[in-house]
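Scroll down for the structure; my scribbles are underneath it.
None of the figures in this text is laboratory data; all of them are computed from the coordinates on show. Since the model is a prediction, treat every value here as computed from it, not as a measurement. We place every Cβ from the backbone using ideal geometry, glycine too, and count neighbours over all the protein chains shown.
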Protein chains: 2
Amino acid sequence: MGRDSGCVGIVGLGLIGGSIGLDLLSQGIEVQGLVHRSATAERAMHRGLVTAVSTDPSCLAHCDLVILALPIPALLHPPAELVAALPADAVVTDVASVKQPVLDTWNDRHPGFVASHPMAGTAQAGVEAGQRDLFQGRPWIATPDADTDPKALAVVEDLAGRLGSRWFTAAASQHDQAVAMISHMPVLVSAALLRAAGDERDPEIRALAQALASSGFADTSRVGGGNPDLGVAMASSNREAVLKALAAYRWSLEQLEDAVIKTNWDQLHKELSRTQALRPGFLNTEAEFNP
Amino acid sequence: MGRDSGCVGIVGLGLIGGSIGLDLLSQGIEVQGLVHRSATAERAMHRGLVTAVSTDPSCLAHCDLVILALPIPALLHPPAELVAALPADAVVTDVASVKQPVLDTWNDRHPGFVASHPMAGTAQAGVEAGQRDLFQGRPWIATPDADTDPKALAVVEDLAGRLGSRWFTAAASQHDQAVAMISHMPVLVSAALLRAAGDERDPEIRALAQALASSGFADTSRVGGGNPDLGVAMASSNREAVLKALAAYRWSLEQLEDAVIKTNWDQLHKELSRTQALRPGFLNTEAEFNP
């Protein structure tokens with residue numbers, strides 16, 4: 001986007017890649033897609049996600065910005081032919097929810113690499129999932145380090161701005177710990193709830209629990225009933241931060257359980273008043289982060 | 001409702017009581033409200049929740065069905081003047097989310113008592129919260145025991161049907177264990193998540209977590225950020241079942257954590273595939289329960 005002649009390349013046209021393509025295309029920007037299968041390429045053209053699409057990495061030759069919108073395992077083990085096809089003077093960024101392992105993988109592979117993470121819903125996946133305005137008002141966080149080219153970082157900030165995102169930067173380790181706490185660890189907390197309810201041995205109580213489960217249970221169990229590939233990718237690529245967040249979580253739960261065991265209802269009320277007061281701070285979509 | 005001449009009494013006009021009033025009134029049924037404060041009585045009349053309202057329990061004298069839509073602490077410690085004002089030949093029911101303590105309290109206080117629990121949202125409270133069709137398609141579960149009059153039970157089933165609920169019956173102990181698993185315990189699981197995130201000691205990570213928290217965190221933390229009075233009432237009135245459900249929960253979480261500790265990603269994938277498969281069983285609003 002820095003040069004009028006160049007195009008934006010998007011590698012992978014799932015929810016994130018496809019949504020970026022739709023928004024850029026609507027702004028008159030030339031978008032070159034790269035996908036693995038020709039059936040996906042056909043659907044992408046049919047849906048109008050990109051200007052052109054190919055299964056051959058050489059299609060990226062004229063891009064001055066390439067967005068790697070790949071699943072975490074593919075991003076952390078990129079095919080050599082993809083790395084070789086990235087123009088040396090292009091800016092390259094990614095969209096994964098972990099950042100330190102991505103920097104470790106990509107800093108040595110491309111001089112114009114910028115690690116970034118648009119925070120957007122992941123309930124749907126695949127070439128049919130992309131939608132307009134997915135990033136509008138959502139955070140987009142980059143994690144530059146000593147190897148990051150400031151000019152390349154500015155190109156990614158411009159991209160985030162075009163898509164309507166709110167721009168943040170942080171150290172990769174801080175990003176990964178924060179995301180472990182508010183996204184990766186909660187998947188396990190939520191999954192454990194489904195597991196416990198599903199393990200109820202009394203068949204009448206289990207049937208009753210299923211029949212009576214209301215919107216509260218639906219909400220609390222949503223992320224734990226999501227895509228298992230994604231859950232494993234998060235836990236395995238951000239393992240230390242997830243284990244640290246889980247330890248903090250277990251300790252918190254024990255404090256609440258302790259109040260119940262001791263029938264200390266004043267203490268439980270104090271705890272639940274505090275969590276009630278804490279929640280709005282995690283819902284503030286206009287929150288500013290100034291490290 | 002069994003007699004054309006009688007009215008339905010509703011004690012407490014919060015979300016549940018007010019919503020019942022609105023629906024019955026729309027069906028041409030005479031509804032007598034009883035509330036604690038005259039300001040509440042004025043708002044109830046202004047909102048059209050009832051035909052008439054009073055702060056004097058003797059207003060219930062002509063009711064043949066009385067619904068105790070009181071908070072759990074008040075229901076379990078009913079004022080003597082309220083008990084005395086209930087007509088001896090009326091059917092009396094409640095709407096609380098615990099049933100054994102309610103039976104223990106009320107079976108000796110009124111011969112026509114039926115313990116029941118309409119499952120409906122509790123995000124809002126107070127005299128402004130009542131809304132039409134709150135119970136449409138939602139479960140309404142009664143927990144009759146040896147002391148329950150079958151004719152009284154039939155009157156409450158008729159009430160649930162008029163409001164569009166799906167009718168279930170179960171033993172009170174089964175109800176309380178099931179509700180602990182899908183409603184009361186999840187409040188603590190969800191609150192512990194907010195507590196852990198709020199306790200993050202690194203201020204930059206905490207600020208980042210707040211800024212990046214997305215719809216997944218909002219959903220998982222919703223019930224834990226709710227009304228602390230309600231959370232304490234659930235835990236204290238259903239303590240044993242909540243502790244049992246919490247123990248099952250902690251064990252489930254440990255199994256997931258163990259897979260992460262051991263980097264056993266096949267096992268974690270198996271677990272998350274199972275929870276993904278389990279969740280729809282808890283969302284089936286048409287589920288049938290036939291004990």
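Looking at chain B, the DSSP beta bridges with both ends there are about 10 percent antiparallel.
Can you give the charge dipole size of segment A:174-282 about its Cα centre, rounded to the nearest 20 debye, using +1 on the beta carbon of Lys and Arg and -1 on the beta carbon of Asp and Glu?
Working: 11 positive and 13 negative charges, 42 e Å.
That gives a dipole near 200 debye.
Is the protein assembly as shown rounded, prolate or oblate when judged by the Cα gyration tensor, a ≥ b ≥ c being the square roots of its eigenvalues, rounded requiring a/c under 1.5 and prolate requiring a/b larger than b/c? Taking the square roots of the gyration eigenvalues as a ≥ b ≥ c, the protein assembly as shown is prolate. I want to verify a result. In a Gaussian network model of chain B, Cα cutoff 10 Å, which of these has the top mean-square fluctuation: B:45, B:185, B:119? The residue that fluctuates most here is B:45. If you take every residue apart from residue B:36 with its C-beta less than 14 Å away from the C-beta of residue B:36, what net charge results, scoring Lys and Arg +1 and Asp and Glu -1? Result for the local shell: -1.
Using only Cα atoms, what Kirkwood radius does chain B have, in angstroms? It would help to have the intermediate numbers written out before the result.
Values: mean 1/r = 0.0480 Å⁻¹.
That comes to 20.8 Å for chain B.
For segment A:169-218, the alpha-carbon radius of gyration amounts to 1.68 times the rule-of-thumb value 2.2 N^0.38 Å expected for a compact globular protein. Structure remark: mean-square fluctuation, Gaussian network model of chain A, C-alpha springs under 10 Å; the largest value among A:265, A:251, A:106 belongs to A:265.
To two decimal places, what compactness ratio does segment A:16-70 give when its Cα radius of gyration is scaled by 2.2 N^0.38 Å? Kindly include the intermediate steps, with their values, before the conclusion.
Numbers: Rg = 10.2 Å, N = 55, 2.2 N^0.38 = 10.1 Å.
My calculation over the Cα atoms of segment A:16-70 gives 1.01.
Restricting to DSSP H runs of at least four residues, report the calculated mean residue ellipticity at 222 nm for chain A, -39500 (n - 2.57) per run over all residues, nearest 500 deg cm²/dmol.
Values: 13 runs with 139 residues, N = 291.
That calculation yields -14500 deg cm²/dmol at 222 nm.
In this structure, the pairs whose alpha-carbon distance is over 30 Å, taken from A:244/B:244; A:99/B:270; A:244/A:270; A:262/B:270; A:151/B:262, are A:262/B:270; A:151/B:262.
Output the direction-averaged projected area (hull surface divided by four) of the convex hull of the alpha-carbon atoms of segment A:174-282, in nm².
Details: hull surface 34.0 nm².
Spelled out: convex hull of the Cα atoms, projected over all directions, averaged, 8.5 nm².
Distance between the modelled labels on residue A:55 and residue B:149, one decimal in nanometres: 7.6 nm (7 Å Cα→Cβ projection). For the protein assembly as shown, the residue among A:29, A:164, A:217 whose Cα projects farthest onto the positive side of the dipole built from Cβ charges is A:29. Think of the protein assembly as shown as having a plus end and a minus end, set by charges on the Cβ of Lys, Arg, Asp and Glu; of B:12, A:54, A:255, A:54 sits farthest toward the positive end of this dipole. Ranked from shortest, the separations from the 7 Å Cα-to-Cβ label point of residue A:254 to its equivalents in the other copies are 1.2 nm. Largest mean-square fluctuation among B:156, B:92, B:223, in a Gaussian network model of chain B whose springs join Cα atoms under 10 Å apart, belongs to B:223.
Dipole orientation for segment B:32-123: of the candidates B:65, B:120, B:103, B:120 has the Cα lying most toward the positive pole (charges on Cβ; Lys, Arg +1; Asp, Glu -1).
The separation of segment B:161-218 from segment A:60-136, counted between C-alpha centres, amounts to 34 Å.
Return the FRET efficiency for the residue pair residue A:273, residue A:243: r is the Cβ-Cβ distance, R0 is 25 Å, and the value is rounded to the nearest 0.05.
Values: r = 30 Å, r/R0 = 1.18.
E(calc), rounded to 0.05, equals 0.25.
Peptide A:258-268 shows a mean partner chain C-beta count of 3 within 10 Å per residue C-beta.
Arranged from highest to lowest average of other beta-carbon atoms within 10 Å per residue, in what order do the peptides B:173-182, B:80-89, A:135-144 appear?
On the way: B:173-182: 25.5, B:80-89: 13.6, A:135-144: 20.1.
Ranked by mean Cβ neighbours within 10 Å, highest first: B:173-182, A:135-144, B:80-89.
Once the chain from residue B:83 to residue B:124 is taken as fully extended at 0.36 nm per residue, the excess over their C-alpha distance is 12.0 nm. Model label points for residue B:39 and residue A:266, set 7 angstrom from Cα along the Cα-to-Cβ axis, are 2.7 nm apart.
Between residue B:254 and residue B:169, the simple label model (points 7 Å from Cα in the Cβ direction) yields a spacing of 4.0 nm. Taking trypsin sites (Lys or Arg not before Pro) across segment B:158-223, the ones in a DSSP loop with at most 12 further Cβ atoms lying within 10 angstrom of their Cβ are B:201.
For the ranges B:48-56, A:67-75, what's the packing order if you count other beta-carbon atoms within 10 Å of each residue, average per peptide, and put the highest first? Intermediate values should be presented prior to the final figure.
Details: B:48-56: 17.4, A:67-75: 20.4.
The packing order, highest mean first, is A:67-75, B:48-56.
Look at the stretch B:237-244: the mean tally of other chain Cβ atoms within 10 Å of its residues' Cβ atoms is 1.
What does the average come to when, for each residue of peptide B:221-230, you count the partner chain Cβ atoms lying within 10 Å of its Cβ?
Numbers: counts 10, 8, 6, 9, 9, 5, 3, 10, 3, 1.
If you average over the peptide's residues, the count of other-chain Cβ atoms is 6.
Computed about its Cα centre, the charge dipole of the protein assembly as shown is approximately 120 debye, with only Lys, Arg, Asp and Glu carrying charge at their Cβ. How large is Rg/Rh for segment B:7-170, to two decimals, with Cα atoms and a Kirkwood Rh? We get a ratio of 0.92 for segment B:7-170.
Its Cα centre serving as origin, segment B:7-170 has a Cβ charge dipole (Lys and Arg +1, Asp and Glu -1) of approximately 500 debye.
Between residue B:107 and residue A:202, how high is the FRET efficiency from 1/(1 + (r/R0)^6) when r is the Cβ-Cβ distance and R₀ = 25 Å? Nearest 0.05. List each step's numbers first, then the result.
Working: r = 24 Å, r/R0 = 0.97.
According to the calculation, E is roughly 0.55.
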